[in-house]
Amino acid sequence: MQLSHQPVPMRKLVNDWLTDIGEESLFADGFDDDIIGLSYDPLADSYRVCYSIDKCYDCLVKDDEMSFDEAIEYFEYNVIGSYMGPKTPIFVI
(Lines give C-alpha, C1' and ligand atoms only; values in the text may rest on other atoms or scores of the structure.)
Protein backbone atom coordinates (compact mmCIF):
# COMPACT_ATOMS: atom_id res chain seq x y z
CA MET A 1 0.00 0.00 0.00
CA GLN A 2 1.46 3.31 -1.09
CA LEU A 3 0.70 6.39 0.96
CA SER A 4 0.79 9.79 -0.65
CA HIS A 5 1.30 12.94 1.34
CA GLN A 6 -1.37 15.48 0.50
CA PRO A 7 -0.77 18.93 1.94
CA VAL A 8 -3.53 20.12 4.23
CA PRO A 9 -5.15 23.29 2.90
CA MET A 10 -4.33 26.36 4.99
CA ARG A 11 -8.00 27.19 5.47
CA LYS A 12 -8.57 23.80 7.08
CA LEU A 13 -5.52 24.22 9.33
CA VAL A 14 -6.65 27.67 10.45
CA ASN A 15 -10.26 26.62 10.92
CA ASP A 16 -9.28 23.49 12.87
CA TRP A 17 -6.97 25.50 15.14
CA LEU A 18 -9.68 28.09 15.81
CA THR A 19 -12.21 25.33 16.54
CA ASP A 20 -9.78 23.66 18.96
CA ILE A 21 -9.54 26.85 21.02
CA GLY A 22 -13.26 27.63 20.78
CA GLU A 23 -12.89 30.63 18.46
CA GLU A 24 -14.09 31.51 14.98
CA SER A 25 -13.18 34.01 12.32
CA LEU A 26 -14.28 35.09 8.87
CA PHE A 27 -12.70 33.93 5.62
CA ALA A 28 -12.54 35.73 2.28
CA ASP A 29 -14.37 33.54 -0.24
CA GLY A 30 -12.28 32.40 -3.18
CA PHE A 31 -8.91 33.17 -1.61
CA ASP A 32 -8.20 30.01 0.42
CA ASP A 33 -4.82 29.47 -1.27
CA ASP A 34 -3.78 33.01 -0.32
CA ILE A 35 -4.03 32.60 3.48
CA ILE A 36 -0.71 33.26 5.20
CA GLY A 37 -1.75 32.92 8.84
CA LEU A 38 -3.71 34.38 11.73
CA SER A 39 -3.54 37.54 13.78
CA TYR A 40 -4.96 38.23 17.21
CA ASP A 41 -6.57 41.63 17.75
CA PRO A 42 -6.47 42.32 21.50
CA LEU A 43 -8.69 45.40 21.22
CA ALA A 44 -11.49 43.38 19.64
CA ASP A 45 -10.51 40.17 21.47
CA SER A 46 -10.74 38.25 18.20
CA TYR A 47 -8.63 36.29 15.76
CA ARG A 48 -8.42 37.45 12.16
CA VAL A 49 -7.35 35.44 9.13
CA CYS A 50 -4.45 37.05 7.23
CA TYR A 51 -4.10 36.97 3.44
CA SER A 52 -1.30 38.00 1.07
CA ILE A 53 -2.54 40.83 -1.15
CA ASP A 54 -0.10 39.86 -3.89
CA LYS A 55 -1.37 36.28 -3.89
CA CYS A 56 -4.97 37.55 -4.01
CA TYR A 57 -4.15 39.71 -7.05
CA ASP A 58 -2.48 36.73 -8.75
CA CYS A 59 -5.53 34.58 -8.02
CA LEU A 60 -7.86 37.09 -9.67
CA VAL A 61 -5.59 37.42 -12.70
CA LYS A 62 -5.21 33.66 -13.11
CA ASP A 63 -8.58 32.26 -12.04
CA ASP A 64 -10.89 35.09 -13.10
CA GLU A 65 -8.85 36.13 -16.16
CA MET A 66 -8.60 39.78 -15.10
CA SER A 67 -5.84 42.13 -16.08
CA PHE A 68 -3.60 43.14 -13.18
CA ASP A 69 -5.22 46.60 -13.06
CA GLU A 70 -8.71 45.06 -13.09
CA ALA A 71 -7.68 42.73 -10.27
CA ILE A 72 -6.45 45.63 -8.15
CA GLU A 73 -9.63 47.65 -8.74
CA TYR A 74 -11.91 44.68 -8.04
CA PHE A 75 -9.99 43.64 -4.93
CA GLU A 76 -9.83 47.12 -3.41
CA TYR A 77 -13.53 47.79 -3.95
CA ASN A 78 -15.10 44.37 -3.34
CA VAL A 79 -12.76 42.72 -0.86
CA ILE A 80 -10.74 45.25 1.11
CA GLY A 81 -13.68 47.64 1.08
CA SER A 82 -15.92 45.10 2.86
CA TYR A 83 -15.89 45.48 6.63
CA MET A 84 -17.77 42.68 8.38
CA GLY A 85 -16.97 43.47 12.00
CA PRO A 86 -14.06 42.63 14.30
CA LYS A 87 -13.43 39.26 12.66
CA THR A 88 -12.95 40.77 9.19
CA PRO A 89 -9.86 39.29 7.48
CA ILE A 90 -6.58 41.23 7.28
CA PHE A 91 -4.79 41.73 3.95
CA VAL A 92 -1.01 42.02 4.15
CA ILE A 93 1.25 43.70 1.60
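The values are calculated or read from the model by the stated rules, or taken from the named source; none is laboratory data. As the structure is a computational prediction, the values presented were derived from the model and not from experiment. Remember, those area values only see protein heavy atoms, side chains included, never the ligands or the DNA or RNA. Shrake-Rupley method; radii C 1.70, N 1.55, O 1.52, S 1.80 Å.
Beta bridges from DSSP with both residues in the chain: antiparallel share about 65 percent, rounded to the nearest 5. For M66, the residues whose modelled amide H falls within less than 5 Å of its own, excluding neighbours fewer than 5 places apart on the same chain, are V61. Using a cut-off of 20 Å between alpha-carbon atoms, which lysines can reach K12, once sequence neighbours fewer than 8 places away in the same chain are excluded? Cα-Cα hits under 20 Å: K55, K87.
Please give every one of the aspartates and glutamates within straight-line cross-link reach of K62, meaning a C-alpha to C-alpha distance under 15 Å, and leave out same-chain neighbours fewer than 8 residues apart. Once the sequence-local aspartates and glutamates are set aside, what remains near K62 is D32, D33, D34, D54, E70.
When the accessible area of the chain is computed with all protein chains present and a 1.4 Å probe, what percentage of it is carbon and sulfur? Here carbon and sulfur together make up 52 percent of the probe-accessible area.
Per residue, the accessible area of the chain comes to 71 Å², computed with a 1.4 Å probe over protein heavy atoms only.
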